[in-house]
Amino acid sequence: MEAIFHEKQEGSLCAQHCLNALLQAPYFTAVELAALAGQIDEQERSQMAEGGVQSEDYRKFVQQPSSNVDDSGYFSVQVIASALKVWGLDLVPYKSQNPLAESARSDPTLQCAYICNFRDHWLTIRKIGNQWFNLNSLLVGPELISDTYLALFLAQLQDGGYSIFIVDGKLPECSADPLLRLKPAVQREKPCLISELKEAFTLSQEDDEDKVYSDALNRTLAESIQMENDCLQAALSMSLSEYQSASTSSSLSLSGGIASNYQYEQQPAATPDREMSEQEMLEAAIRMSMETS
C-alpha cells in the first residue's frame with residue numbers, strides 16, 4: 001500500500017489530486033491546470049465571437065467569470081479532459097450509450113479507471129496491479145475495493161449525485177503495479193476521512209488540556225488542604241501547650257493551698273487531740289479549687 005501514490009486534499013485542488021492519482025505521479029500542478037483552463041477560456045471566447053463581438057450573448061459571456069477555473073482551485077471537466085489528452089486518454093460518461101460505457105455497466109472490473117465528480121470534488125478509482133483502489137484525496141490513504149464491491153460502490157456514488165466517467169486508453173505503468181501483482185495488498189481497516197482524523201486530533205488535544213488543567217487543580221487543592229492541616233495542627237499544638245501550662249500552675253497552687261491549710265489545722269492552737277480525716281482533706285481541696293477558679 002505504501003507504494004501507491006496518494007495526494008491528500010489541499011484547499012480545493014481535488015482535480016489536481018485526481019489526475020495525479022490516476023497517473024500515479026505528481027505530473028500536474030495547479031499552475032499548469034490553470035494554464036489549460038486559460039486556453040479553454042480563449043477557445044470558448046473565440047467561438048462566441050463568431051456570432052459578433054457586439055452581440056448580447058458575447059457581451060454577457062465576457063462579463064462572466066471563467067467556468068473552467070476559480071480562485072479556490074476548482075477545475076472543470078473540460079480542463080481534466082484536456083489534461084488527459086496529453087497522455088492519450090479520453091473520458092466517456094458512464095451512463096452514455098457508448099459501447100465502452102455499456103460494457104462498463106455490465107462489468108466495471110473490465111476497465112482500468114474511473115473519474116468521479118460531485119459538485120466541486122473530483123476523485124479517482126483505479127486498478128493498480130490486479131486490485132481496485134479508491135484514491136479519494138479526502139481520505140488519509142488509498143482504500144482497497146474488492147472486485148465484487150466495485151459495482152456496488154459505483155452505484156452508491158451515482159445515488160449520491162456523482163457523475164462518473166470511464167477513463168478510455170492505456171494508463172502509464174506505475175511503480176506500484178508490479179509490486180501489487182507480486183504481493184496483493186491486504187487492508188484490515190479502511191482509511192478514515194482527513195476531516196475525521198483532524199477532529200479526533202482536536203478532541204485529543206482538548207482532552208490533554210483538560211487533563212493538565214484537572215491535574216493542576218487537584219495539586220492546588222491538595223496543597224491547600226495540606227496547608228490547612230498544617231495550620232490546624234500548629235494551632236492545636238499551641239493550644240495544648242497553653243492548656244498544659246495552665247493546668248500545671250493550677251495544680252501547684254492547689255497543692256500548696258492544701259498543704260498550708262493542713263499545716264494550719266495541725267498548729268497547736270487548734271484542737272490538739274483531733275486529727276484531720278481524709279474526708280476533711282478532700283473537702284479542703286475542693287474549697288481551694290473553687291477559690292482558685
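Since every read-out is calculated from the coordinates, none of them should be taken as a lab result. All values reported here derive from a predicted model rather than from experimental measurement. For neighbour counting, all protein chains shown are included, and Cβ atoms are generated from backbone atoms with ideal geometry for every residue, glycine included.
In table form, for the structure just shown:
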quantity	calculated
Candidates per trypsin sites (Lys or Arg not before Pro) in segment 105-165, loop by DSSP, up to 16 other Cβ within 10 Å	Arg119
Residue order, fewest to most surrounding Cβ atoms within 10 angstrom, among His121, His6	His121, His6
Restricting segment 132-195 to GluC sites (Glu not before Pro) in coil, as DSSP defines it, with at most 10 other Cβ within 10 Å	Glu173, Glu189
Estimated vicinal HN-Hα couplings, Hz - segment 169-177 in sequence order (Karplus 6.51, -1.76, 1.60; Gly, Pro = x)	x, 9, 6, x, 5, 10, 5, 7, 4
Residue exposure sequence - Cys18, Cys112 - by fewest surrounding Cβ within 10 Å	Cys112, Cys18
Neighbour-count ranking [beta-carbon atoms within 10 angstrom, fewest first] of Glu42, Glu7	Glu42, Glu7
